[in-house]
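Asks: Okay, handing you the structure first.
Please treat every number below as a calculation from the coordinates, not as lab data. Small disclaimer: the values here were computed from a predicted structure and weren't measured. Note: ideal-geometry Cβ built from the backbone for every residue, glycine included; neighbour counts use all protein chains shown.
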Ligand code: ARG
Ligand code: ZN
């Protein structure tokens with residue numbers, strides 16, 4: 001077996017050499033691109049040989065200070081180009097060859113729809129030319145690109161265009177210079193037949209910035225929303241953080257083949273086209289929201305990531321947690337703050353909590369890795385953002401801003417650590433934040449247990465708080481957990497908080513930072529209910545002793561939008577958990593009246609706030625429900641959720657119908673992506689889903705009508721989704737129509753694949769197997785692979801079929817993908833990593849597939865790391 005190298009944080013050493021200046025010459029050719037790299041280098045540690053990283057490239061020559069080195073003066077060993085003897089300062093010139101066309105891993109320089117593009121984060125630059133491929137080596141770059149002019153009329157790289165012109169033989173060139181020092185992971189190059197839309201933004205400092213979005217010619221009419229989102233992001237970052245753009249050009253390029261969402265290369269962001277292209281007829285509200293947040297995210301990286309970057313990849317959350325936090329705050333301001341917060345919490349619980357409880361759990365600052373690509377995780381990104389949010393909760397918005405200002409003042413132009421960020425936050429506010437370190441060092445979701453003791457005579461309510469970190473166990477270090485809390489009286493009116501004789505107002509943040517604590521609330525009348533963790537003030541699992549009636553009180557009256565949502569969600573979860581237990585005992589589920597009444601109350605008020613009610617009336621998903629149990633009972637969970645859905649559908653059919661009709665009348669207008677329409681469309685689609693769940697032919701026909709007459713993708717796709725779950729001729733009618741209508745539109749066809757892979761139709765596995773042979777399916781496009789195989793892996797009922805056929809199928813498919821694109825294969829493995837959570841029969845079946853995968857001799861180190869860590 002291979003011996004993969006583990007990289008460890010504790011082994012960090014500063015680089016033995018600096019690279020001050022980089023000149024690159026690209027002579028582009030699909031199968032044989034020549035790269036000439038000229039590096040101005042400086043020794044920083046005595047005696048060490050020079051070692052440059054390289055991967056998948058052919059070195060043709062090496063010259064030192066203009067003198068060609070003989071083959072004996074350099075060697076290639078273990079992915080390194082080694083030169084034993086180099087002086088204090090020198091210029092190194094390397095010529096090498098690469099094959100972009102064969103690059104199906106989509107790392108380094110590759111082709112997408114025949115156009116050249118790059119992806120260098122985390123360690124892709126070493127596939128372009130030998131280099132010190134690490135984020136703490138910062139240099140200025142000058143890049144000359146030469147290519148055939150008719151095939152590649154557009155030639156782009158980072159920074160400013162210095163010069164361009166024609167060359168003999170139909171070739172042309174462009175020369176780019178980026179004045180800002182950057183690590184090589186922020187390098188980018190694009191060459192192709194592209195068109196652009198252009199706009200301008202004037203910064204607070206009166207700099208006129210030319211903004212361009214480049215796409216393939218047929219997509220030129222789908223870029224306007226992304227452009228406007230970019231301008232909103234630029235404005236927002238100036239207003240909220242005083243951060244302005246620092247060059248005269250900002251370019252975005254959208255490509256179809258991309259492993260992730262997008263990449264923040266300096267002044268040349270490269271995007272998965274999914275996060276740029278939108279027209280109302282082809283993109284849903286969710287797509288629009290995703291575009292706005294990813295465009296903003298990549299733009300925000302210009303300061304949090306590029307101007308201040310990471311010392312090493314263990315610090316990834318320094319830029320990602322912070323930048324996700326920033327894009328969340330931006331989207332909250334663009335949309336509705338409370339809606340965005342609820343969405344983010346749903347997402348965190350659905351994807352990050354299971355990751356943090358499973359075998360791949362890691363602290364937001366991981367301590368070791370085999371392939372860094374495997375650590376671009378929900379934990380580093382989303383939990384990282386929650387930890388950044390804790391600083392803001394503790395310091396307030398102004399204090400947080402002071403910390404950000406000091407962080408940039410101290411570290412602009414540097415490659416730093418998460419400790420530098422924490423220190424800036426602390427120093428700017430004159431506080432000690434050293435206990436925050438515990439959030440960076442320990443994996444797992446903390447549990448906070450709350451038990452109440454009420455003393456009527458003294459009118460005191462004692463909250464007995466206990467924190468634990470099951471993933472770490474007894475020896476865990478306590479975490480600083482901010483608990484935002486309020487208090488309601490028995491009729492739901494807010495009460496002031498009094499602690500230690502002091503009036504603290506109607507809400508305050510209690511910092512719970514030890515294993516165990518008692519918080520005594522004074523002047524508390526009988527029957528008062530504490531409202532804990534408002535706005536989800538920390539990424540924890542809260543276990544309280546509140547009963548259903550108390551949750552219902554919070555659901556009806558708490559002033560915090562998040563907590564009201566969470567209270568109703570808790571009631572739904574509790575009802576579903578009881579139903580799961582009943583079903584497992586062979587009994588029919590009985591639905592608690594408190595919950596049904598609470599839903600009834602919400603339905604009465606739904607039209608007053610459609611966006612919030614659309615979230616509140618959506619049942620918890622199967623994964624989140626499964627997380628509540630030690631062993632995940634696949635069938636019982638699926639049945640319980642379906643049963644509750646049809647209960648709510650039938651019981652409230654009249655209310656759903658009336659909501660549907662009212663909103664249909666209100667939405668009879670041209671599509672615009674805005675908070676108001678978004679909310680109405682979400683609630684109307686939800687109503688339609690429930691109506692279809694009644695099983696009545698008239699509602700299925702209504703859904704088909706809704707599908708056929710929709711004037712935008714949100715409505716059309718919403719209706720189609722409602723129909724894919726039913727056994728009715730309308731299902732096929734709509735699916736076929738959708739395919740023929742959009743067959744030339746890859747992003748929409750992705751939805752068509754995803755819908756079938758995620759369906760709870762009993763034959764989903766057979767459908768998905770057939771779809772792998774569909775002419776539009778391809779293993780080389782990550783979006784398509786994710787749409788079919790990624791979504792299938794998340795489909796509890798289909799993937800976890802009791803006979804194990806879902807496991808065998810996905811394992812076979814992952815092995816095919818692994819040969820082409822290891823990063824994507826490793827991602828597809830994630831549902832297998834949860835194997836210990838299922839019943840013993842399924843455990844054995846899943847484990848057998850993991851063991852089979854591990855035996856494959858050519859398995860990539862990406863997949864190896866995931867499989868190996870899941871089995872141990
Ligand atoms: N920095 C990019 C972003 O968050 C993601 C790059 C991911 N690269 C990778 N190899 N996983 O915007
Ligand atoms: Zn990012």
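Asks: Tell me, how many Å apart are the Cα centres for the stretch 293-362 and for the stretch 478-557?
Replies: 27
Asks: So if we plug the beta-carbon distance of residue 705 and residue 812 into 1/(1 + (r/R0)^6) with R0 = 51 Å, what FRET efficiency do we get, rounded to 0.05? Mind showing how you got there, number by number?
Replies: Values: r = 40 Å, r/R0 = 0.79.
Computed FRET efficiency for residue 705 and residue 812 comes out at 0.80.
Asks: How many nm separate the modelled label positions at residue 490 and residue 224, each set 7 Å beyond the Cα in the direction of the Cβ?
Replies: Taking the two extended label points, one gets 5.9 nm.
Asks: What's the long-distance tail for the chain, i.e. % of Cα pairs beyond 51 Å?
Replies: Of all Cα-Cα distances in the chain, 17 percent exceed 51 Å.
Asks: What's the FRET efficiency of residue 766 with residue 737 using the Cβ-Cβ distance as r and R₀ = 30 Å, to the nearest 0.05? Present the calculation step by step, with values, prior to reporting the outcome.
Replies: Working: r = 22 Å, r/R0 = 0.72.
In this case the efficiency is close to 0.90.
Asks: Calculated from DSSP H runs of 4 or more alone, at -39500 (n - 2.57) each and per residue, what is the 222 nm mean residue ellipticity of the chain, nearest 500? Walk me through the intermediate numbers first.
Replies: Working: 29 runs with 348 residues, N = 872.
Mean residue ellipticity, 222 nm, calculated: -12500 deg cm²/dmol.
Asks: Over the Cα atoms of the stretch 549-648, what Rg and Dmax result, in angstrom?
Replies: Just the Cα atoms of the stretch 549-648 yield Rg and Dmax of 13.5, 41 Å.
Asks: Also: Treating the angle as unsigned and between 0 and 90°, give the value, to the nearest 10°, between the Cα long axis of helix 729-742 and the longest Cα principal axis of the chain.
Replies: Compared with the principal axis, the helix lies near 30 degrees.
Asks: I've got another one for you. Sort 512-520, 200-208 by packing, meaning the average of other beta carbons within 10 Å per residue, with the highest value first.
Replies: 512-520, 200-208
Asks: Test of understanding: what is the full-extension gain from residue 56 to residue 248, defined as 0.36 nm times their sequence separation minus their Cα-Cα distance?
Replies: Extra length available between residue 56 and residue 248 comes to 65.6 nm.
Asks: Can you sort 526, 584 so the residue with the fewest Cβ neighbours within 10 Å comes first?
Replies: 526, 584
Asks: With each pseudo-label sitting 7 Å past Cα toward Cβ, what's the residue 477-residue 206 distance in nm, one decimal?
Replies: Taking the two extended label points, one gets 5.0 nm.
Asks: So between residue 148 and residue 80, what do we pick up on full extension, going 0.36 nm a residue minus the alpha carbon distance?
Replies: That pair, residue 148 and residue 80, stretches by 21.3 nm at full extension.
Asks: What list do you get for 116, 131 if you sort them by fewest beta carbons within 10 Å? Walk me through the intermediate numbers first.
Replies: Details: 116 27, 131 22.
Placing the least packed residue first, the sequence is 131, 116.
Asks: For residue 584 and residue 635, calculate 0.36 nm times their separation in residues minus their Cα-Cα distance, and state this gained length in nm to one decimal.
Replies: Here the answer is 17.5 nm.
Asks: Rounded to the nearest 0.05, what FRET efficiency is calculated for residue 9 and residue 604 with R0 set to 60 Å and r the Cβ-Cβ distance?
Replies: On the way: r = 55 Å, r/R0 = 0.91.
So, using R0 = 60 Å, E works out to roughly 0.65.
Asks: Give me the percent relative contact order of the chain, please, defined on Cα pairs under 8 angstrom at least 6 residues apart.
Replies: 8
Asks: Using only the alpha-carbon atoms, how far is helix 384-411 inclined from the longest principal axis of the chain? Give it as 0 to 90 degrees, nearest 10.
Replies: 30
Asks: Separate question: Would you please put 571-583, 732-744 in order of how densely packed they are, using the mean number of other Cβ atoms within 10 angstrom per residue and starting with the highest?
Replies: 571-583, 732-744
Asks: How high is the relative contact order of the stretch 221-335, in percent, with contacts defined as C-alpha pairs under 8 Å that are six or more residues apart?
Replies: Relative contact order here is 26 percent.
Asks: If you line up the long axis of helix 593-605 against the longest principal axis of the chain, both from Cα atoms, how many degrees apart are they, to the nearest 10?
Replies: Relative to the chain, helix 593-605 is tipped by roughly 70 degrees.
Asks: Order these by the 10 Å Cβ neighbour count, fewest first: 90, 717, 353.
Replies: Going from sparsest to densest Cβ surroundings: 90, 353, 717.
Asks: Right, something else. If I model the stretch 399-508 as equal point scatterers sitting on the Cα atoms and use the Debye formula, what is log10 I(q)/I(0) at q = 0.11, 0.12, 0.18, 0.21 Å⁻¹?
Replies: -0.59, -0.68, -1.04, -1.13
Asks: If you don't mind, there's one more thing I want to ask. Beyond 28 Å, what share of the Cα-Cα pairs of the stretch 1-146 remains, rounded to the nearest whole percent?
Replies: On the way: 2008 of 10585 pairs.
Value for the stretch 1-146: 19 percent of Cα pairs lie more than 28 Å apart.
Asks: Oh, and also: Would any residue of the stretch 224-244 have its amide N under 15 Å from a label point 7 Å out along Cα→Cβ of residue 199? List them or say none.
Replies: 224-237
Asks: Another question about this same structure. With label points built 7 Å along Cα→Cβ from the Cα atoms of residue 239 and residue 658, find their separation and express it in nm.
Replies: Going by the 7 Å Cα→Cβ label model, 3.9 nm.
Asks: Roughly how far apart, in whole Å, are the Cα centres of the stretch 45-59 and the stretch 242-272?
Replies: 29
Asks: I would also like to ask the following. Using alpha-carbon positions, what is the distance between the centroids of the stretch 723-787 and the stretch 103-135, in Å?
Replies: 31
Asks: With a/c under 1.5 counting as rounded, go ahead and sort the stretch 615-691 into rounded, prolate or oblate using the C-alpha gyration tensor (a ≥ b ≥ c being the square roots of the eigenvalues; past the cut-off, prolate if a/b is larger than b/c, else oblate). Could the numbers behind the result be given before it?
Replies: Details: a/c = 4.14, a/b = 1.91, b/c = 2.17.
Judged from the Cα gyration tensor, the stretch 615-691 comes out oblate (a/c at least 1.5, b/c at or above a/b).
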